[in-house]
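Remarks on the structure that follows.
The values are calculated or read from the model by the stated rules, or taken from the named source; none is laboratory data. Remember, it's a predicted structure, so these values are computed and weren't measured experimentally. Every residue, glycine as well, gets a Cβ built from its backbone with ideal geometry; the counts of neighbours run over all protein chains shown. Accessible surface is based on the protein model in full, side chains and every heavy atom, while ligands, DNA and RNA are left aside. Shrake-Rupley method; radii C 1.70, N 1.55, O 1.52, S 1.80 Å.
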Amino acid sequence: MMYDLIKSLAAQLLMPLPVSIGFLVFGFLFIIGKRQQLSAIFCGVGLVVLFLTSWAPVAERLLLPLETRYSALAELPQDSLPVAIVVLGGGWQPEAPISSVSRLDESSALRLMEGIRLWRQAPKLLLIVTGASSNSKIAPVALGYAEAAQALGVPAQQVQVLDWPTDTGQEAKAVRQLLGASAQVILVTSASHMPRAMLHFQAAGLVPLAAPTHYLVQYNSPRSLGYWMPSASYMKMSERTIYETLGMFLVNVEH
């Protein structure tokens with residue numbers, strides 16, 4: 001538990017905005033201490049980090065290698081059909097007075113839609129939906145997935161709910177416990193998360209085939225004035241790059 005807390009805290013502190021604010025705070029402290037040169041350096045670094053990580057030409061180029069590591073999966077393989085399609089957990093609003101599909105956040109909805117699209121190519125496959133919540137007061141997203149999948153026409157007997165894993169490593173272990181080692185599965189998650197998810201599932205002894213979705217980099221975005229202006233949406237891309245890169249580093253260290 002403490003290890004997970006430290007990992008989570010470190011990941012948050014290493015995000016662009018906290019790093020930028022940290023440099024700026026030290027810069028202002030150096031002003032108070034009448035150390036003008038150090039103040040200028042720290043404030044300058046803070047502003048540069050803030051600008052570059054929220055600027056599209058930088059943010060997209062940082063994230064693109066992660067999102068293109070695995071190609072999109074148009075059709076299921078015909079030579080060796082997997083035993084299941086696994087949709088990894090995300091976020092949702094279980095108490096919202098809206099439809100079961102609308103309760104899923106953007107990434108979760110796209111993951112589930114992609115999983116169902118592939119499942120329809122082989123309806124006899126098991127659709128495994130995973131994910132608990134770090135907050136025990138919030139119902140597991142796997143339950144939201146199952147409800148939405150059934151609303152979209154997937155029979156209840158074809159949906160397997162794994163509602164206890166709280167991170168990707170636990171999701172991989174839960175799938176292995178269910179299907180056994182060396183089971184071939186279609187792995188559905190966000191494109192930026194896919195490289196780390198593949199590492200976890202391979203380390204768990206499974207044979208995953210990537211089916212990435214929820215791409216953040218826009219391949220045909222017009223080069224308008226807005227593209228060249230810093231934006232919080234582009235900082236989100238930089239945050240994803242840093243978070244997933246740190247995550248892959250930890251997976252390699254742990255295994």
Any chance you could count how many residues in the range 119-147 are part of a helix (DSSP H, G or I), over 21 Å from residue 180 (Cβ atoms) and within 20 Å of the chain's Cα centre (by Cα)? 5
Residues (open to solvent by 20 Å² or more (accessible area, probe 1.4 Å) and in a loop (DSSP other than H, G, I, E, B)) located in the range 156-200: 163, 164, 166, 167, 180, 181, 182
Going through (1) within 17 Å of the chain's Cα centre (by Cα); (2) open to solvent by 50 Å² or more (accessible area, probe 1.4 Å) one by one, residue 63 fails only at (2)
Here are some residues: 9, 66. Which one is out of contact with any helix residue (DSSP H, G or I) (no Cβ under 7 Å at 6 or more places or on another chain) and not in a loop (DSSP other than H, G, I, E, B)? 9
Screening 22, 131, 115 for residues that are at positive phi and touching a residue at least 12 places away in the same chain (Cβ under 8 Å) leaves only 131
Among the residues that make up the range 138-155, is at least one of them of a type outside the set (Phe, Trp, Tyr), open to solvent by less than 10 Å² (accessible area, probe 1.4 Å), within 30 Å of residue 231 (Cα to Cα) and without any contact (Cβ under 8 Å) to a residue 60 or more places away in the chain? yes
Residues in the range 213-238 that are in contact with a Ser or Thr (Cβ under 9 Å, 6 or more places away or on another chain) and either under 16 Å from residue 69 (Cα atoms) or open to solvent by less than 60 Å² (accessible area, probe 1.4 Å) (or both) total 11
Of the residues in the range 75-134, how many are of a type in the set (Gly, Ala, Ser), open to solvent by 10 Å² or more (accessible area, probe 1.4 Å) and within 22 Å of residue 175 (Cβ to Cβ)? 10
